[in-house]
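As structure tokens, the structure follows; a few thoughts come after it.
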């Protein structure tokens, strides 16, 4: 849907790498499948970031707001005809941690999901992937994965250090475990719509607990 390669300011990059590497040491061991266990990757998902330095969080937020306004939302033609907000979380993994199971980010008003590869220790080892339907009779194997009883082909986008990919929030994706002893770091998140217009109608969402409704009003 959208791709670019963008580097963080060096001082911010160094701070994030240092913090994530330290925090990855304390992640817990979790049940994976059958009798197997693995160490959980580090993530700030679902947290408020209060255990991170305030200046670092401010720098990260300012960086992505500027990036989305000047590039992504501008290039996708959404900048001036929508009201939106973004959120993000920070994740770190290495050869001791498990991968991230198949999932989506959509819950009602997320329109775009994105992932920025802050540090990819092994450039030729892609981990992040999407899923494509396969013809009936396809057998699970290398490059494929069974999800919800169906076999999907795994599609790996560009993911060198600095690569940022954006996709529809409903698109299923996952992350393989990495073989790197160094820390692999990403920042991921969503763009959520508050309202949007196509010139003929105005679409505005309302969230009430787990229920999301969209009101569509024709413009005269």
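Based on the alpha-carbon gyration tensor of region 90-146 and its eigenvalue square roots a ≥ b ≥ c, which shape applies: rounded if a/c is under 1.5, prolate if not and a/b is larger than b/c, or oblate? Oblate. Over the chain, the reciprocal of the mean inverse Cα-Cα separation, the Kirkwood hydrodynamic radius, stands at 19.1 Å.
Region 108-141 and region 160-220 have Cα centres lying 15 Å from one another. The ellipsoid that matches the Cα gyration tensor of region 119-201 has semi-axes, each √(5λ) in whole angstrom, of 27, 23, 10, with the longest given first.
From its DSSP helices (H runs of at least four residues, each -39,500 (n - 2.57)), the chain gives a residue-normalised ellipticity at 222 nm of -4500 deg cm²/dmol. Classification of region 60-182 by its C-alpha gyration tensor yields an oblate form. The axis ratio a/c (a ≥ b ≥ c) is 1.5 or more, and b/c is at least a/b. Between residue 207 and residue 140, the distance separating the two model label sites (each 7 Å from Cα on the Cα→Cβ line) works out to 3.3 nm. Could you tell me whether region 15-122 comes out rounded, prolate or oblate from its Cα gyration tensor? Rule is a ≥ b ≥ c as square roots of the eigenvalues, rounded for a/c under 1.5, then prolate if a/b exceeds b/c, otherwise oblate. Here region 15-122 falls in the prolate category.
A short reminder: the numbers here are calculations on the coordinates, not readings from a lab. Here the structure is a predicted model, which is why all the values come from computation and not from measurement. All Cβ positions, glycine included, derive from the backbone under ideal geometry; neighbour counts span all protein chains shown.
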